[in-house]
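Colleague: Sharing a structure with you now.
Since every read-out is calculated from the coordinates, none of them should be taken as a lab result. Everything quoted here is computed from the prediction, not taken from an experiment. Every residue, glycine as well, gets a Cβ built from its backbone with ideal geometry; the counts of neighbours run over all protein chains shown.
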Amino acid sequence: MSELRHDPISQRWVIIAPARASRPTDFGGTSSSRPRAPRCPFCPGNEDDTPPPVAVTGPEMQGESPHAPWLVRVVPNKYPAVGPEISARFSAGPRPALPAQGIHEVIVETPLHDRPLTMMSDPEVTAVAMAYRSRVADAASAPFARSVMLFKNHGADAGASLAHPHAQLISLPIVPELLATELRGTAAYHAANGVCPYCAAAAASPDLLVAENELFLAYCPWVSRVPYEVWLQPRRHDPDFAAMTEHEPAALGRLLRDVLIRIGSALQTPAYNYFLHTAPVHGQAHPTYHWHLEILPRLCRFAGFEWGSGFSMNHVPPELAAERLRAVST
Ligand SMILES: [Zn+2]
Ligand SMILES: [Zn+2]
Ligand SMILES: [Zn+2]
């Protein structure tokens with residue numbers, strides 16, 4: 001089973017997950033030792049290829065596929081990185097480790113194999129965002145959860161194994177170092193300046209703005225790690241993604257689609273990752289934190305400098321990236 005290993009020097013965690021090695025892929029070719037998926041396990045009719053669903057949306061929200069039995073389908077990952085171990089005790093000593101206790105789910109975002117978010121209707125993107133919210137809330141309610149990571153790998157270069165549009169959710173019994181760093185930094189900035197740095201960044205950076213609607217903003221962060229990196233955040237200050245109000249999922253879905261259309265149009269539909277940063281659960285409150293979604297187009301790879309220094313070299317200034325993304329007509 002999987003194990004969370006900890007480095008007391010860098011505070012870095014690694015999940016050692018041997019079960020992941022045998023998962024099939026659509027993108028095998030000659031470079032992958034993993035088996036090729038015999039048929040798409042996420043297409044309607046193949047539901048038996050996945051474990052039984054933990055949540056299903058539809059058929060009342062039918063979107064563009066009136067004959068599919070569901071609109072969004074959430075299943076446990078068949079090749080989980082984390083599992084339901086119960087003896088989650090941290091072993092210190094020379095090899096610090098913790099059983100990787102958590103939930104690993106796949107959110108199948110549409111019954112249609114060739115329908116990425118960029119092609120979805122308003123009801124469809126709303127259903128996706130509502131599924132994100134309810135799955136994050138559900139995962140956060142497990143007593144052993146400390147953090148919930150929702151993420152998407154789109155395209156083989158972004159680490160996707162299957163082409164059918166889907167996102168994933170992993171809950172963890174720890175707070176990952178990147179999130180912990182953001183929490184510390186946000187609290188310190190707030191203490192020094194009396195304002196949330198995410199709210200401040202959005203208000204002070206019209207040249208970095210990419211798109212906006214009534215409830216959400218999208219902008220290239222000042223310290224974009226990769227070309228055309230974009231962050232989405234609610235206008236309303238809130239640390240907790242699962243606390244989205246009634247109208248926010250629809251607005252989030254629409255703005256996410258808008259940004260992905262801009263990225264696809266400006267950059268010839270690159271592979272991308274996005275991931276959610278939301279406050280940890282079952283610990284101290286983090287009122288100064290501001291949840292957000294980070295989108296990273298995969299235009300270049302981490303190379304020696306990046307691995308060695310832990311930070312990136314970005315050849316496109318975010319001011320220029322934002323200008324180009326703003327200029328795309330959607
Ligand atoms: Zn499919
Ligand atoms: Zn804020
Ligand atoms: Zn973040």
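Colleague: With an 8 Å Cα cut-off and a minimum separation of 6 or more residues, compute the relative contact order for the chain in percent.
Modeller: Across the chain, relative contact order equals 16 percent.
Colleague: Next question, about the same structure. Amide H of HIS166 versus every other amide H placed in the peptide plane: which residues, excluding those fewer than 5 positions away on the same chain, fall under 5 Å?
Modeller: GLU109
Colleague: Kindly work out what percent of the DSSP beta bridges joining two residues of the chain are antiparallel, to the nearest 5.
Modeller: 95 percent
Colleague: Follow-up question, since we're still on this one. Per DSSP H run of n ≥ 4, the term is -39500 (n - 2.57); total these for the chain, divide by its residue number, and report the mean residue ellipticity at 222 nm rounded to 500 deg cm²/dmol.
Modeller: After summing the helix terms and dividing by residue count, I get -8000 deg cm²/dmol.
Colleague: Can you give me the long-range amide H partners of MET149? Hydrogens built in the peptide plane at 1.01 Å from N, cutoff under 5 Å, separation of 5 or more residues or another chain.
Modeller: Answer set, sorted by chain and number: ILE170, SER171, LEU172.
Colleague: As I understand it, the dipole of region 3-327 uses +1 on the Cβ of Lys and Arg and -1 on the Cβ of Asp and Glu, about the Cα centre. Which of ALA285, PRO173, LEU325 lies farthest toward its positive end?
Modeller: PRO173
Colleague: In debye, nearest 20: dipole of the chain around its Cα centre with unit charges on the Cβ of K, R (+) and D, E (-)?
Modeller: 860 debye
Colleague: Follow-up question, since we're still on this one. Going by a 4.7 Å Cβ-Cβ cut-off, which cysteines of the chain have no partner at all?
Modeller: Result for the chain is CYS220, CYS300, no neighbouring Cys Cβ within the cutoff.
Colleague: List the DSSP H helices in the chain whose Cα atoms stretch 20 Å or more along the helix axis and whose mean Kyte-Doolittle hydropathy is at least -1.0.
Modeller: Helices passing the filter in the chain: 122-141, 177-193, 248-267.
Colleague: Ok, one more. Per Stokes-Einstein, at 4 °C and 1.567 mPa s, what whole-number D in µm² s⁻¹ belongs to region 3-327, with the Kirkwood radius over Cα pairs as the hydrodynamic radius?
Modeller: Stokes-Einstein gives a translational diffusion coefficient of 63 µm²/s.
Colleague: Then there is this: Across region 73-84, in residue order, what do the Karplus-derived ³J(HN,Hα) couplings come to in whole Hz, using 6.51 cos²θ - 1.76 cosθ + 1.60 with θ = phi - 60° and x for Gly and Pro?
Modeller: Taking θ as phi minus 60°, the curve returns 10, 10, 10, x, 5, 5, 10, x, 7, 10, x, x Hz for region 73-84.
Colleague: Something else: Fewest Cβ neighbours within 10 Å first, please rank THR245, THR57 accordingly.
Modeller: Ranked by crowding around the Cβ, least crowded first: THR245, THR57.
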